[in-house]
Amino acid sequence: MLELHRLTKHFGGVRAVDGVDLIVNPGEVLGLIGPNGSGKSTTVNLICGLFPLTSGLIMFKGEDISALPPHERVTRGIARTFQNIRLFGQLTVWQNLWVAQNSAEQRRQNPVRRWFGGGGSAREDIGRTLEFFDLAHKRDELAGNLAFGEQRRLEFARAFAAKPVLLLLDEPAAGMNAEEIDQLDARIRTLRDTGMAILLIEHHVELVMSVADRIAVLNFGQKIAEGSPAEVQNNPLVREAYLGTATAA
Amino acid sequence: MDFYLGLAQIIGVHTLLGLSAYCVLLTGQVSLAQAGFFAIGAYVAGMLTVLAGWSLVPALLISALVSGAVACAVGFPALRVKGLMLVVATTAFGEAVRLFFFNFTYQIQAGNLKLGPHGGEGFRQIRYFPENGWSTLDVVIFIWIVVALVMAALWWLDRSRAGAVLRAVGEDELAAQSSGINITAVKVSAMTIGGLIAGIGGGIFAHYTTHIEHIQFGVVLATFAIAYPILGGLSNVFGTLLAVIFIQGFLIEGLRFMGDWRNLLFGGLIVLAMNIRPRGLLDAGTTRALKRLFSSGKEPSGA
Ligand SMILES: Nc1ncnc2c1ncn2[C@@H]1O[C@H](COP(=O)(O)OP(=O)(O)OP(=O)(O)O)[C@@H](O)[C@H]1O
Ligand SMILES: [Mg+2]
């Protein structure tokens, strides 16, 4: 579904992402791990179109989307969460999901209804999403007033509201407690089983190892390993990157 | 009595001006172009009634459309820049409009009178109201009907998905983009709506003052436009109305007896108000408290 070919992004002299090839398939969770500053978030930002590529190609559903603006990528089915939560804090939980209904199908709605009307199906969708993310009881709360774990859930829900086929989750478990991480794990599995492709960036090793079907490892902007969780775990290069051995191969 | 009617006219028209800035501010843009749109509305509406003999309501509609179209055209290049640069760019636009009208002459001979805009001397004799026998009270009522309609429309917009999208863009452009919102389209739309409203306000202004000139549409007016919604708060349209009443009714008229000292106190009181109520006179908390006050006793139906 998503193919990155020699994806490269330099910030001045910093090679944040350096020739990364990656494939994410439908119904698959690809874990993307790596030490701090290894280019994981930058990869997600590039897939979303937040800044232009230095070089390389992003193919999505067989089309080159490298030059599309961010909102059109969402319309095509790519949604994301942020490592540092970025909700619309002055909007209610409900409104946060409402504004995010931007899939191609949702855009085809009668514009008057879509922008100004109550929108029957839109309303039902939001209701179901709130149930799924266990936020129904908070629907009229301002997003900025939610507890931290709830904010993470709402961000996930907001990404889901655009009916994506590819979800990019940037450290969704950061700052969550064990119970919340279990629920997150279950939600990711449920979505994967509907055929969604999920790119999961995570420092929480247990979560990635448990939920990811495949794992890719970045270090200094380059992909140094890829494979099943077990393979990656036993890869000496990966151990080296994480233990910070000075004599890199 | 005439004093209060005059004040009611000023407050009504300035509310329209403030609301035009309110729309744009919702998307996080500080625009000092609103006085320019207001000026365009004033001249267009005045020319339509005086030179073309139109009646007022269609003239106002056209002035709204022209201002809206200009705002839309200005929106595309202007909104590429942000923050202070946007303030500078929109100020420059406002001044350009003012200078245009400073140089703009288009007069026709009517009997022994020359009618129409006459450069730096301005556009005199916009006598639609007296010629058609409107009393001052009629004018006030007309203005407030328009204000009520515009406020109702914005209130409803605010509660629709469109309003939530405007606010989302105002809060976090990056998150809005990443949620699939076309922020350029949203910002330009907000600017266009602001232009429409300023055009109506300007059109009415031209008719009740009967004499407009470029100097009235300078940076001071642009600053007032933006000060109203900032002082009133962005939680809803009534904040802007409240701020206009506070500034025009209380600060400017109420303190007139203080002479030159007024201006000093004027600045000081606005700073004080902003300090006491940093989110505006009518912030979200107050709004909720008011709602609770009015709905208490008739809401045991359990949510
Ligand atoms: N907008 C930017 N401008 C300049 N440099 C940047 C920018 N974004 C990221 N970088 C740099 O690119 C490198 C990769 O950063 P990135 O955020 O992608 O790392 P990461 O793998 O997500 O790290 P972490 O685990 O800490 O989130 C870092 O050296 C960072 O300083
Ligand atoms: Mg990161």
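Heavy atoms only, probe 1.4 Å: what % of the accessible area of chain A goes to carbon and sulfur, would you let me know?
51 percent
Suppose R0 equals 56 Å. What FRET efficiency, 1/(1 + (r/R0)^6) with r the Cβ-Cβ distance, do B:ILE145 and A:SER210 give to the nearest 0.05?
That gives a FRET efficiency of 0.30.
Please give the FRET efficiency for B:ALA110 paired with B:ARG256, using the beta carbon to beta carbon distance and R0 = 51 Å, rounded to the nearest 0.05.
Efficiency at R0 = 51 Å is approximately 0.85.
Report the one residue of B:GLY18, B:VAL50, A:ALA67 whose Cα lies farthest in the direction of the positive end of the charge dipole of the protein assembly as shown (charges on C-beta: Lys and Arg +1, Asp and Glu -1; origin at the Cα centre).
Most positive-ward Cα: B:VAL50.
Which angle between 0 and 90 degrees, to the nearest 10, do you get for helix B:261-276 versus the longest principal axis of chain B when only C-alpha atoms count?
Approximately 30 degrees, to the nearest 10.
So which residues in the stretch A:56-76 end up with at least 10 square angstrom less accessible surface once the other protein chains are there, compared with the chain by itself, probe 1.4 angstrom?
In the stretch A:56-76, residues shielded by partner chains: A:PRO70, A:HIS71, A:VAL74.
In debye to the nearest 20, how big a dipole does the stretch A:1-122 give about its Cα centre with +1 on each Lys and Arg Cβ and -1 on each Asp and Glu Cβ?
Dipole magnitude for the stretch A:1-122 comes out near 380 debye.
List the residues of the stretch B:169-187 whose accessible area drops by at least 40 Å² when all protein chains are present, compared with their chain alone, using a 1.4 Å probe and counting only protein heavy atoms.
Listed in order, they are B:GLU171, B:ASP172, B:LEU174, B:ALA175, B:GLN177, B:SER178, B:SER179, B:GLY180, B:ASN182.
Compute the orientation-averaged projected area for the stretch A:34-82 from the convex hull of its Cα atoms and round it to one decimal in nm².
Mean projected area of the Cα convex hull: 3.8 nm².
Note down the nm distance, to one decimal, between modelled labels 7 Å out along Cα→Cβ at A:SER55 and at B:ALA153.
5.4 nm
Which one of A:LEU91, A:LEU146, A:SER121 has its Cα pushed farthest toward the positive end of the charge dipole of the stretch A:87-162, where Lys and Arg give +1 and Asp and Glu give -1 at the Cβ?
A:SER121
Does any residue of the stretch A:99-145 lose at least 50 Å² of accessible area with all protein chains in place compared with its chain alone, and if so which ones (probe 1.4 Å)?
Hits at the 50 Å² cut-off: A:VAL99, A:TRP115, A:PHE116.
After finding the eigenvalues of the alpha carbon gyration tensor for the protein assembly as shown, what semi-axes result from the square roots of 5 times each, listed largest first in whole Å?
The answer is 54, 25, 21 Å, longest axis first.
Taking the Cβ-Cβ separation of A:PHE148 and B:SER55 as r and a Förster radius of 51 Å, what is the calculated FRET efficiency to the nearest 0.05?
After rounding, the FRET efficiency stands at 0.25.
Among A:ALA16, A:SER228, A:GLY56, flag the residue with its Cα farthest along the positive direction of the charge dipole of chain A, charges on Cβ as +1 for Lys/Arg and -1 for Asp/Glu.
Comparing the listed Cα positions along the dipole, A:GLY56 ranks first.
Give me the lysines in straight-line cross-link reach of B:LYS82: C-alpha distance below 27 Å, same-chain residues under 8 apart excluded.
List returned: A:LYS9, B:LYS187.
Average the reciprocal distances over every distinct pair of alpha-carbons in chain B, invert the result, and give the Kirkwood radius in Å.
So the Kirkwood estimate lands at 20.1 Å.
How large is the helix-only mean residue ellipticity at 222 nm for the protein assembly as shown, computed as the sum of -39500 (n - 2.57) over DSSP H runs with n ≥ 4, divided by its residue count, in deg cm²/dmol to the nearest 500?
That comes out to -17500 deg cm²/dmol.
Would you mind telling me the share, in percent, of accessible area of chain B contributed by carbon and sulfur at probe 1.4 angstrom?
68 percent
Can you work out the accessible area per residue across the protein assembly as shown, with the rest of the protein chains kept in place, probe 1.4 Å, in square angstrom?
44 Å²
Take the alpha carbon atoms of the stretch A:87-162, find their radius of gyration, then divide it by 2.2 N^0.38 Å using N residues; give the quotient.
My calculation over the Cα atoms of the stretch A:87-162 gives 1.05.
Please enumerate, by chain and number, the lysines with C-alpha under 25 Å from the C-alpha of A:LYS138, excluding those fewer than 8 residues away in the same chain.
A:LYS163, B:LYS291, B:LYS298
Need one number: % antiparallel among DSSP beta bridges in chain A, to the nearest 5.
Percentage antiparallel, nearest 5: 55.
For chain A, state the semi-axes of the equivalent ellipsoid (square roots of 5 times the eigenvalues of the alpha-carbon gyration tensor), sorted largest first and rounded to whole angstrom.
Three semi-axes, in Å: 32, 21, 16.
Which whole-number percentage describes the relative contact order of chain B, with Cα contacts under 8 Å and a sequence gap of 6 or more?
Once normalised by length, the contact order is 33 percent.
Short version: ³J(HN,Hα) in whole Hz for each residue of the stretch B:99-105, in order, from phi by Karplus 6.51 cos²θ - 1.76 cosθ + 1.60 (θ = phi - 60°), x for Gly and Pro, what are they?
5, 4, 6, 4, 9, 8, 10
Taking the simple approach of a point 7 Å from Cα along Cα-to-Cβ for both B:GLU121 and A:ALA136, what is their distance in nm?
Rounded to a tenth, the inter-label distance reads 7.4 nm.
Would you mind giving the total buried accessible surface between chains B and A, with a 1.4 Å probe and ligands, DNA and RNA left out, rounded to the nearest 100 Å²?
Approximately 2200 Å², summed over both chains.
The values are calculated or read from the model by the stated rules, or taken from the named source; none is laboratory data. As the structure is a prediction and not an experimental result, all values here were calculated from the model. Glycine also receives a Cβ, built like all others from the backbone with ideal geometry; neighbour counts cover every protein chain displayed. Keep in mind that these areas ignore ligands, DNA and RNA; they rest on the heavy atoms of the full protein, side chains included. Shrake-Rupley method; radii C 1.70, N 1.55, O 1.52, S 1.80 Å.
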